[in-house]
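The values are calculated or read from the model by the stated rules, or taken from the named source; none is laboratory data. Worth saying up front: this structure is predicted, and the values here are computed from it rather than measured. Heads up, the Cβs are rebuilt from the backbone with ideal geometry, glycines too, and the neighbour counts pull from every protein chain shown.
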Amino acid sequence: MTQETGSFAALGILSPILHAIEKAGYEEPSPIQAQSIPIIMAGHDMIGQAQTGTGKTAAFALPILSKIDPQRREPQVLVLAPTRELALQVSEAFETFASEMPGLSVVAVYGGAPMGLQLRALRQGAQIIVATPGRLVDHLSRNSELLATVGYLVLDEADEMLKMGFMEDLELIFQSLPVQRQTVLFSATLPHSIRAIAEQHLREPQHVKIASKTQTVARIEQAHIMVHADQKVNAVLRLLEVEDFDALIGFVRTRQQTLDLASALQERGYKVAALNGDIAQNHREQVIDSLKDGRLDIVIATDVAARGLDVPRITHVLNVDMPYDPESYVHRIGRTGRAGRDGRALLLVTPRERRMLSVIERVIGQKIEAMEIPAASAVLQARINNLQADLEPRMQAASGQHRALLERLTQSLDCHPEDLALALLGKLTEGLAFDAAGIDKEYPVHTVTARAERGRGRFDRGEREGRRERRTPSLPELGRVRCRTALGHRDGVAARNLLGAILNEGGLARDAIGRIQIRETFSLVELPEEGLERLLGKLKDTRVVGKPLKLRRYRE
């Protein structure tokens, strides 16, 4: 790799790391990397204001790896992350970048995983610890000197850590760290609480700010399609036929939907897999590796399962289900258009979800253009184009052996070559309609009426009925019970704060948690009835927005 201006080599990254990132497909630094790496290499503390998808992990990992000593078998680097998913993503990134640094070891320390494996890795001298605050405090209670040799501290997504109630844990961790260290803090926003941490624990930090999340989506081509809820699968099938994608990730809301949609696509011959919170980590890694190397082209995922998924092949994001909030939408479509590449994001919208579409457009600061469900004629043309693309190289590769086989078959079958060609085409396209009427029967869809678009008639009534249902809570789903916390709107609590804290500290899959209802002075959360007492025990010391969660079974 030449040391040209704008290259990683020009930033002073060590040669083994340069080789590793070159193999990983990194070509030139992103803006956050170009600005942050020289500051960190020079030994300064730093505050970086940047979003997921901007390349911030490499921005701190590459210079820190260039500065540590792989021969010292003791912790030298601590990276704190708010969730286990981010901790795993960061630890995997460090392992990739350090793949040509013999003797260097990384350990991910997070709740819900066996403590013994983490203890063993720490005893064996892992130089880099990537941890969630809660589990790290557990380790510090066993070994107060665990962090005594750490010279580099990174707080990744610091604002999310505070929203999830980790302030007290962070203070305990700060007290266990050497005063003489280099500290780097990354945060999407810089509220007063983050500034207070920086003022107390960073030394004359330099600031780096990258374009906000809403601006980073501008390079992604976005469109929405109005559909009825029961027509989504057929709409997806039509879109997959006409969209020219390399790899695609589709987002749905539940575990079961990932399985159902993946199964429907497998039946159509697509190379697809489901990714949800119930999938074991080793299987998740296999799915991601298969998507990277082309053994899979499509992954159907839930939001939680897709966290940290960074595959350069992904050209398309298909939001089969509307996300719960604009932030989730931005996180989803950030899976494409990575590192300056082009990307395309499609959003299926039911008539009752028009308002959320408007909210998303307002938050991201741009219009998401409308498009129609592909017509049967468009699907037909796409099938013909794909068939031509498949046949062209075969025709060019045809040899004398093929001509001899053709003569043998026509003689044996006593048929004209044209008849044989038609029979082979039939075999090649078996199960596919090559007329518009057949495609309409195969993927029946209907355009959402203008009346529904305007929000009148039965859809508008349905929306009002839905609001009435939300005001009068129904019984929890079978197998779940409702729990209560004294935290509510007045405390500044949002549903995502409770969700994040319970997922991180309770070790649950996202689909195990039911409805979360935020009221003025309290909140209700639906949790699994099986193992509830054990779960509440895990959560007894959890804090949210700096206040005790104190979940209790709700007696209605």
Taking the stated definitions as given, is residue 352 in the same structural domain as residue 243 (by TED's automatic domain parsing), under 30 Å from residue 55 (Cβ atoms), touching a Phe, Trp or Tyr at 6+ places or on another chain (Cβ under 8 Å) and not in a loop (DSSP other than H, G, I, E, B)? no
Exactly one of (1) loosely packed, with under 10 Cβ neighbours inside 10 Å; (2) not in a helix (DSSP H, G or I) is unmet by residue 432. Its number? (1)
Taking the condition in a helix (DSSP H, G or I), of a type outside the set (D, E, K, R) and modelled with pLDDT of 90 or more, does residue 218 pass? no
Would you check which residues across region 174-209 are under 15 Å from residue 40 (Cα atoms), out of contact with any His (no Cβ under 8 Å at 6 or more places or on another chain) and part of a strand (DSSP E or B) and list them? 184, 185, 186, 207, 208, 209
Answer yes or no: is there a residue in region 126-140 that is among the acidic types (Asp, Glu) and at pLDDT 90 or above. yes
Pairs needed: first member in region 223-247, buried (at least 16 other Cβ atoms within 10 Å of the Cβ); second member anywhere, aromatic (Phe, Trp, Tyr) and modelled with pLDDT of 90 or more; C-beta distance under 8 Å; at least 6 residues apart or different chains. 240/270
Checked pairs for region 365-380, first surrounded by fewer than 16 Cβ atoms within 10 Å (Cβ to Cβ), second in a loop (DSSP other than H, G, I, E, B) and of a type in the set (Ser, Thr, Tyr), C-beta under 9 Å and 6 or more apart or across chains, list as 372/447
For a quick check of your reading of the model, give me the residue pairs whose first member lies in region 262-288 and is in a helix (DSSP H, G or I), whose second is of a type in the set (Phe, Trp, Tyr) and surrounded by 15 or more Cβ atoms within 10 Å (Cβ to Cβ), with beta-carbon atoms closer than 9 Å and at least 6 apart or on different chains. 262/270
In region 242-256, what count of residues is obtained for those that are modelled with pLDDT of 90 or more and either in a helix (DSSP H, G or I) or touching a Cys at 6+ places or on another chain (Cβ under 8 Å) (or both)? 1
Check whether at least one residue in region 274-284 is closer than 19 Å to residue 344 by Cβ and either in contact with a Ser or Thr (Cβ under 9 Å, 6 or more places away or on another chain) or crowded, with 20+ Cβ neighbours inside 10 Å (or both), and report yes or no. no
Residue 32 fails exactly one of (1) among the hydrophobic types (A, V, I, L, M, F, W, C); (2) surrounded by 18 or more Cβ atoms within 10 Å (Cβ to Cβ); (3) more than 23 Å from the chain's Cα centre (by Cα), namely (3)
